[in-house]
């Protein structure tokens with residue numbers, strides 16, 4: 001876990017991890033900060049995933065702040081109908097490309113990766129601010145290789 005990512009997450013009400021966890025110690029560190037909802041990614045298999053990661057489900061529904069959130073690693077595996085299921089937010093991970101957008105009344109967020117750097121993608125986290133069912137999101141990026149650096153928001157959606 002990057003220290004700056006853990007510092008940013010302190011004070012969270014809920015942490016959501018969309019898979020490719022990298023080992024059970026990551027889940028333990030996140031659970032020490034806040035309640036955690038996590039799903040299994042395509043890299044969360046075998047001994048390196050740890051027992052706690054390999055026991056995760058492929059998708060989860062969670063209520064937060066009056067909004068229903070659906071968590072899935074790969075959007076290609078989406079097995080819910082967001083409108084029919086009254087989903088307000090879909091959190092996914094697979095591509096590790098930070099993204100936040102809204103389509104047909106559903107917020108889509110891919111927080112990117114705050115662990116080891118993936119490809120040439122930024123080191124990033126996503127943040128959801130949910131109040132009385134109203135959702136705002138933002139992607140926060142960190143300077144690659146700079147520990148203790150201040151985050152900078154790359155973009156925000158409402």
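The values are calculated or read from the model by the stated rules, or taken from the named source; none is laboratory data. Bear in mind that the values here come from a model prediction, so they are computed numbers and not experimental data. Cβ atoms come from the backbone with ideal geometry, glycine included; neighbour counts cover every protein chain shown.
Observations on the model:
- Within the stretch 1-20, the residues that satisfy the criterion of being out of contact with any strand residue (DSSP E or B) (no Cβ under 9 Å at 6 or more places or on another chain) and closer than 15 Å to residue 35 by Cα are 6, 10, 11.
- Annotation: of all residues in the stretch 94-134 being touching a residue at least 40 places away in the same chain (Cβ under 8 Å), in a loop (DSSP other than H, G, I, E, B) and touching a helix residue (DSSP H, G or I) at 6+ places or on another chain (Cβ under 9 Å), the one that is surrounded by the most Cβ atoms within 10 Å (Cβ to Cβ) is 114.
- Test: residue 87 is surrounded by 21 or more Cβ atoms within 10 Å (Cβ to Cβ) and either closer than 22 Å to residue 27 by Cα or in contact with a strand residue (DSSP E or B) (Cβ under 7 Å, 6 or more places away or on another chain) (or both): no
- Matching residues in the stretch 32-62 - criterion: being over 24 Å from residue 78 (Cβ atoms) and either assigned to a strand (DSSP E or B) or at pLDDT below 80 (or both): 46, 47, 48, 50, 51, 52
- Top-ranked residue in the stretch 7-31 [being in contact with a helix residue (DSSP H, G or I) (Cβ under 7 Å, 6 or more places away or on another chain) and not in a helix (DSSP H, G or I); ranked as nearest to residue 43 (Cα to Cα)]: 21
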